[in-house]
1. Can you tally the net charge around ALA119? Count Lys and Arg as +1, Asp and Glu as -1, for every other residue whose Cβ sits under 14 Å from the Cβ of ALA119.
2. Radius of gyration and Dmax for region 1-126's Cα atoms, expressed in Å?
3. Scan around VAL187 for amide H atoms under 5 Å from its own, H built in the peptide plane at 1.01 Å from N, and keep only partners 5 or more places away or cross-chain.
4. Roughly speaking, what is the centre-to-centre gap between region 53-111 and region 197-230 when only Cα atoms are used, to the nearest Å?
5. Let me know the volume per residue of the alpha-carbon convex hull for region 179-229, in Å³.
6. At 0.36 nm per residue, and after removing the present C-alpha to C-alpha distance, how many nm does the segment from ASP174 to ARG106 gain when stretched out fully?
7. Mean separation of Cα pairs under 8 Å and 6+ residues apart, divided by the residue count of region 50-97: what relative contact order is that in percent?
8. Which FRET efficiency, nearest 0.05, do THR56 and LYS228 yield, Cβ-Cβ r, R0 25 Å?
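Since every read-out is calculated from the coordinates, none of them should be taken as a lab result. Keep in mind that this is a model prediction, so the values were computed, not measured. Every residue, glycine as well, gets a Cβ built from its backbone with ideal geometry; the counts of neighbours run over all protein chains shown.
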Amino acid sequence: MTKTRPAAPPSRSALVEEIIGCGAIAVVRLKSTDGVLRAVEAIRAGGIRAIELTMTTPGALELIAETERTFGDDVLVGVGSVLDAEQTRQAVEAGARYVVSPVFRRAVVDEAHRLGVPAMPAGFTPTEILDAHEAGADVVKITPAEVLGPAFIRGVLAPMPFLRLMPTGGVTPDNVGEWLRAGAVAVGVGSALVDPKLVAAGDFATLTERARRMAAGVAGARAGAAGKTK
């Protein structure tokens, strides 16, 4: 059944809080359009609502539009692997509600903000991360995070606790709690959740189970953090 969006779109700040509330973004990076919508449905059934469809996936713009039409507010669809302002514009016009980039380009941040959606460019060093933040990044993606580990997140936040960091790469349903406890506001999860081999094989039940484990890991880490503050 096709869902409908509210008459007034949410503000950029509301979208940022919605993304952070999700805790995990499932990164869908596939070589074919086959099974993409079924994969999105399976991931959502497991409790992961934020879905990033990358520009490296064939027909990405059409998939974003179709995902938006099919799922509406049941799925928070964004675009990933964005490298320039034109891709940003095209993706947002197709229905992307946030823009994720593997690099920091001020033009991408500026265009996303002009269109009223959050921008999440990447940084790797503390200087790159701060530069992205000062350029207006709503959240800074840390990639490839597997090279750095959760200790890096903790170390960067110690002198700069105002940063909102989202590690991507190396995050799994088993270790998601470590990243969140280190101070990440959310995580990006690729093949550890959306394995192209599972999609190709039509094993959507396993995708749902992985999403359930990921959602449980997010909830557990946040419950533990809330308990410590009491």
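1. +1
2. Spelled out, the Cα radius of gyration and Dmax of region 1-126 are 13.5, 45 Å.
3. ALA24, ILE25
4. 23
5. Spread over its residues, the Cα hull of region 179-229 gives 56 Å³ apiece.
6. 21.1 nm
7. 46
8. 0.05
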